Each structure stands twice: as structure tokens, then as C-alpha cells.
Amino acid sequence: MSTNEKSIYKVALVTGAARGIGREIALTLAERGIAVGLCDISPDVHKTCKEIQGLGVLCAAEVADISKEEDVIRAYEAISSKLGAIDVLVNNAGIGKLKSFVDYSISEWDQTFAVNVRGAFLLSQKVLPNMMENHNGLIVNIASIWGLRGTSGRSAYAATKHALVGMSKCLADECHPYRIRVIALCPGNILTDLASGSEADTTDWMHPKDVADVVGYLCDPGSRAIVRSIIEVNGWGKPPEFK
């Protein structure tokens, strides 16, 4: 493995790292020589951990439900005790269902917010004290193009991603004096498990690696000037309202 010793961060924590975008982000950061902590509700997160360890990079994984405060505290303490202070937090874990607004149950609506927004809030609160003390850090919130726009059938998902974009903007302002960068990435259509039920033409859809490479770049020296931003990662696909 060839690592990039010029990475400006040493330790990252990635949520939703068992598969899809989260797994690719974790592997991409590891390829840059960054030690990676992983958490996911699925035990498959340990498979990602073994892949990273196979690259000769330090990695620790915890099975956790990030919507639950006790799980977040346990996972954070276990990972940071093994790897050290977290320099980079990637809030990637997310859920969503494609269904009509009137068909959502209250529990489905609440759970979508619990994972997509509450989880990011809880983890950001855990990593920020050390980042503030060190005057250094990066928080990347994986939002969505639907956090900037709207479309039928995605009301709960889009609402949570709009909330994540708003939280990113506010947090970026609060963190600016501490030289902590806060970025919201808003990907377009990506071939992940969440897209498995789509009937759309997926020819031009992106792959998880496309988003992971952007996150990797944000850890490189050349990205230092990107301090607080909302970045669209669209590829060549066109969301419905662009047609």
C-alpha cells in the first residue's frame, strides 16, 4: 500500500461504514494513511475493519445505533481509546424510504430523523471538545441533493437532509474561531442499497467511490482553503427536477 503522508489529519471516525458510501470513505481515508474508527448498526462493519487492517493501517470498529446516546458514548470512547483523538468526523450513516407523505407512520418519520440528524448531532458533540482544544479538525456531513431540493416520495429523507445542511451551516460558523472545518456534501444519485428500489434509469448514477474521493481530498493539504461549504457532488446524472 502507498499512503499519503501529507494528509493533514491522523484519525478519522466514519459512521455507516459497513457498506456503500461509508465503507468507501473509510477505505479511501485509510489509503491516505489515516487511522480510521468505524461504527455501524450492522456487524458487517468488522469486515470493513479487517480490510483496512489488511492495508497496514490502524482501525477499530464498533457496532452501534447512532440514534441512541448510550451507543454513541460507548462507541466513541472505545474507538478514541484505541486510536486517539478524532481529527475527522464523517457523519455518513443514514436511512430513508421512498413513499408518499401521507403513508409515513409517525415511527418511520421519527426514526429517519433519529438516525440522519440526531446521530450526527450526538457524534459531533462528542468530537468537538478535543477539536476545539486542538484548534484543528474536520466534520463532513453527508447530506444529499435532496437536502437542497425537494421531490415527491422523499419527504422524510429530504427533510432530514435539509436539517443536516442547516446544522452544518450553523456549526461551521460556531467552529470557525477554532479553525474547525465543517463541510456538507450533497451527493446526487448514487448506486447504494438505498437506491435498490428505484425504477429510474441508473446509467449515469455515481458510485460510492465518487463521494469517497471528495472526502479524501478534503483531508489533503490542497483543500485547506475549503473551510465551510456546501458541496454538490452530482456526477453526470440528472435529478428529476433537472430534466
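The values are calculated or read from the model by the stated rules, or taken from the named source; none is laboratory data. Everything quoted here is computed from the prediction, not taken from an experiment. Using ideal geometry, Cβ is built from the backbone for each residue, glycine included, and neighbour counts are taken over all protein chains shown.
Observations, loosely collected:
- Odd one out for Ile8 among (1) under 30 Å from Glu108 (Cα atoms); (2) touching a residue at least 24 places away in the same chain (Cβ under 8 Å); (3) of a type outside the set (Gly, Ala, Ser): (1)
- In the set Arg149, Arg181, Arg118, only one residue is out of contact with any helix residue (DSSP H, G or I) (no Cβ under 8 Å at 6 or more places or on another chain) and either at pLDDT below 95 or not in a loop (DSSP other than H, G, I, E, B) (or both); that residue is Arg118.
- Whenever a residue of the stretch 206-227 is under 25 Å from Arg179 (Cβ atoms), its partners that are part of a loop (DSSP other than H, G, I, E, B) and among the small types (Gly, Ala, Ser), lying with C-beta atoms within less than 9 angstrom and at least six residues away or across chains, give the pairs Gly216/Ser7; Cys219/Ser7; Asp220/Ser7; Pro221/Ser7.
- Residues located in the stretch 198-222, provided they are modelled with pLDDT under 95 and of a type in the set (Gly, Ala, Ser): Ser198, Ala200, Gly222
- Residue check, Arg19 of a type in the set (Lys, Arg) and surrounded by 24 or more Cβ atoms within 10 Å (Cβ to Cβ): no
- Scanning the stretch 60-73 for residues that are in contact with a Lys or Arg (Cβ under 8 Å, 6 or more places away or on another chain) and not β-branched (Val, Ile, Thr) gives Ala60, Glu62, Ala64, Ser67.
- Residues in the stretch 45-95 that are outside any helix (DSSP H, G or I), in contact with a helix residue (DSSP H, G or I) (Cβ under 8 Å, 6 or more places away or on another chain), of a type in the set (D, E, K, R) and under 28 Å from Tyr178 (Cβ atoms): Glu62, Asp87.
- Selection of the stretch 128-144 for residues being assigned to a helix (DSSP H, G or I) and buried (at least 22 other Cβ atoms within 10 Å of the Cβ) yields only Met131.
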